[in-house]
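So the structure is just underneath, and the comments pick up after that.
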Amino acid sequence: MDAEFFRRWLTATTRAVEEEADRLTELDAAIGDADHGANMRRGFRAVSEALAAQEPDVVLTPGAVLMLAGRTLISKVGGASGPLYGTLLRRTGKALGDAPEVSDAELRAALDEGVRAVGTLGKSEAGDKTMLDALIPGVRALAESYPAARDAAARGAEATIPMRARRGRASYLGERSIGHQDPGATSSALLFATLAEVAGD
Ligand code: ADP
Ligand code: MG
Ligand code: MG
């Protein structure tokens with residue numbers, strides 16, 4: 001996979017976030033502050049703009065594309081999700097180094113580092129009812145295939161419904177966070193859906 005693959009992934013994610021923004025905001029209205037759709041839309045629009053603003057003759061590496069996207073999310077999104085997704089993409093990009101092409105196994109290892117960095121920044125782990133509950137099973141299933149990762153991340157997002165939130169705004173609700181799907185886990189599942197889409201299998 002080359003830099004163009006990663007641009008396509010981010011562009012597809014911008015589109016998916018636009019399509020799902022209302023749903024993400026509805027989920028956040030139930031257990032947060034009803035801005036997750038708007039935060040994601042603002043962030044990924046800025047990512048697409050930053051990528052489009054690159055000089056056409058400057059060929060970025062896969063790592064540089066992801067690091068640019070991560071920096072953009074951190075600077076443009078005020079909510080918790082901005083620094084967390086920004087860290088995910090920046091750390092993943094950094095782990096890819098400056099290779100012009102990366103293998104499936106290299107991407108999986110890099111995403112694994114990115115997901116760990118999210119847990120470190122958020123002081124969160126599997127079962128806390130956060131984006132990690134989709135990211136962790138998604139990355140794990142990448143060892144099998146991109147479609148398997150998409151399905152595992154989607155199941156992970158659904159599995160947050162009976163959980164009690166231990167991190168983020170939803171944790172303020174205590175028991176009342178139970179029975180609602182986590183918005184960040186839902187957007188994380190979108191990232192794996194678009195990855196499977198651009199990987200084309
Ligand atoms: P905010 O909560 O600041 O309004 P968003 O609504 O954009 O930000 O994002 C909320 C999502 O961020 C949550 O649904 C959850 O998945 C994720 N999140 C919040 N705090 C953490 C954390 N400490 N670790 C991992 N993910 C978190
Ligand atoms: Mg919110
Ligand atoms: Mg907010």
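Worth pointing out:
- Sparse-neighbourhood loop sites, trypsin sites (Lys or Arg not before Pro) in segment 93-134 - DSSP loop, at most 16 other Cβ within 10 angstrom: Lys123
- Neighbourhood charge, 11 Å Cβ-Cβ cut-off, centred on Ala46 and excluding it, Lys, Arg +1 and Asp, Glu -1: +4
- Value at 222 nm in deg cm²/dmol, rounded to 500, when DSSP H runs of n ≥ 4 in the chain each add -39,500 (n - 2.57): -22500 deg cm²/dmol
- Relative contact order for segment 3-199, counting Cα pairs under 8 Å that sit 6 or more residues apart, in percent: 21 percent
- Comparing Thr92, Thr120, Thr25 in a Gaussian network model of the chain (Cα springs below 10 Å), the most mobile by mean-square fluctuation is Thr120.
- Projecting label points 7 angstrom from Cα along Cα→Cβ for Tyr172 and Glu18 puts them 3.2 nm apart.
- Net charge of neighbours whose Cβ lies under 12 Å from the Cβ of His36, counting Lys and Arg as +1 and Asp and Glu as -1: -3
- If you run the Gaussian network model on the chain, springs between alpha carbon atoms under 10 Å, then out of Leu132, Leu88, Leu121 the most flexible one is Leu121.
- Placing a pseudo-label 7 Å from each Cα along the Cα-to-Cβ vector at Val58 and Glu106 gives an inter-label distance of 2.1 nm.
- Placing dummy labels 7 Å off each Cα toward the beta-carbon, the span from Thr120 to Ala143 is 2.2 nm.
- Taking a quarter of the surface of the Cα convex hull of the chain gives a mean projected area of 9.6 nm².
- Net charge of Cβ neighbours under 10 Å - reference Ser188; Lys, Arg +1; Asp, Glu -1: -2
- Residue-wise HN-Hα couplings along segment 119-125, as the Karplus relation 6.51 cos²θ - 1.76 cosθ + 1.60 with θ = phi - 60° gives them from phi, are x, 5, 5, x, 6, 10, 8 Hz; Gly and Pro carry x.
Read-outs throughout are calculated quantities, based only on the coordinates presented, and are distinct from any laboratory measurement. Note that the structure is a prediction, hence the values are computed from the model and not measured. Methodologically, a virtual Cβ is constructed for each residue, glycine included, from the backbone with ideal geometry; neighbour enumeration extends over all protein chains shown.
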